[in-house]
Amino acid sequence: MSAWIRMISDEDADDRLKAALDLARTPHGTVDNVMRVHSLRPNTMNGHVILYRACLHDETNTVPMWFQEVISSYVSTLNECPYSYANHWTNARHLIGDEARAEAVEVALQRRRPQDAFEGPQLAALRYAEKLTLSPGGIAEDDVVILKAAGWEDGEILEINQIVCYFNYANRLLNGLGVTTDGDVVGYYKSE
């Protein structure tokens, strides 16, 4: 566990915190530092878990899971958040399932040149993600019109928006409290 503020271990948790920690457990049975950093305020942990799962792990989402992870990784790159990038790029790479393609995507994201690896609807979504992350006050109806013209449906536009907004929140939480992956299992699909 590593952050600039105290994080409470499972062993030292009271009943209220234990319930929040149990809600936040990963498929590996652990609680990642991104959630544990809330241990001094279990209600914010509960809210964070629910928001995260609604944005990225809801069965009704129709944006492909691999592309949800690419959006997550791009926002985390733009925000220079190594914690989220490590986790979500690991997930994206796994879901892309093609090392050469994943390498090209990673280089494009790191260079902040999504046009080098994407076109059409995906490029439009990444450009929207970049603008909403770096210039939120500059977003206008035309930005959504561009997404629709590229082929995204309204529900998918909402999904994209919520992923971008969630990662802007999470990146600021992590960077603002110095949270690291020390002790975490990096990547949702990690088998250990």
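Worth a mention:
- Residues of the stretch 73-114 satisfying the condition of being in contact (Cβ under 8 Å) with a residue 40 or more places away in the chain and either in contact with a strand residue (DSSP E or B) (Cβ under 7 Å, 6 or more places away or on another chain) or among the charged types (D, E, K, R) (or both): 80
- The condition of being surrounded by 13 or more Cβ atoms within 10 Å (Cβ to Cβ) and either touching a residue at least 24 places away in the same chain (Cβ under 8 Å) or among the charged types (D, E, K, R) (or both) holds for residue 184.
- Options 164, 179: the member that is modelled with pLDDT of 95 or more, touching a helix residue (DSSP H, G or I) at 6+ places or on another chain (Cβ under 8 Å) and within 30 Å of residue 10 (Cα to Cα): 179
- The condition (being surrounded by fewer than 22 Cβ atoms within 10 Å (Cβ to Cβ) and under 22 Å from residue 176 (Cα atoms)) is satisfied by just one residue among 16, 41: 41.
- Sole residue being loosely packed, with under 15 Cβ neighbours inside 10 Å, of a type outside the set (Asp, Glu) and over 12 Å from the mean Cα position of the chain (by Cα), chosen from 53, 6: 6
- Members of the stretch 21-46 that are of a type outside the set (A, V, I, L, M) and in a loop (DSSP other than H, G, I, E, B): 25, 26, 27, 28, 29, 30, 32, 38, 39, 41
- Residue among 91, 61 that alone is surrounded by fewer than 24 Cβ atoms within 10 Å (Cβ to Cβ) and in a helix (DSSP H, G or I): 91
The values are calculated or read from the model by the stated rules, or taken from the named source; none is laboratory data. A quick note: this is a predicted structure, and the numbers were derived from the prediction, not measured. Ideal geometry is used to build each Cβ from the backbone, glycine not excepted, and the neighbour counts take in all protein chains shown.
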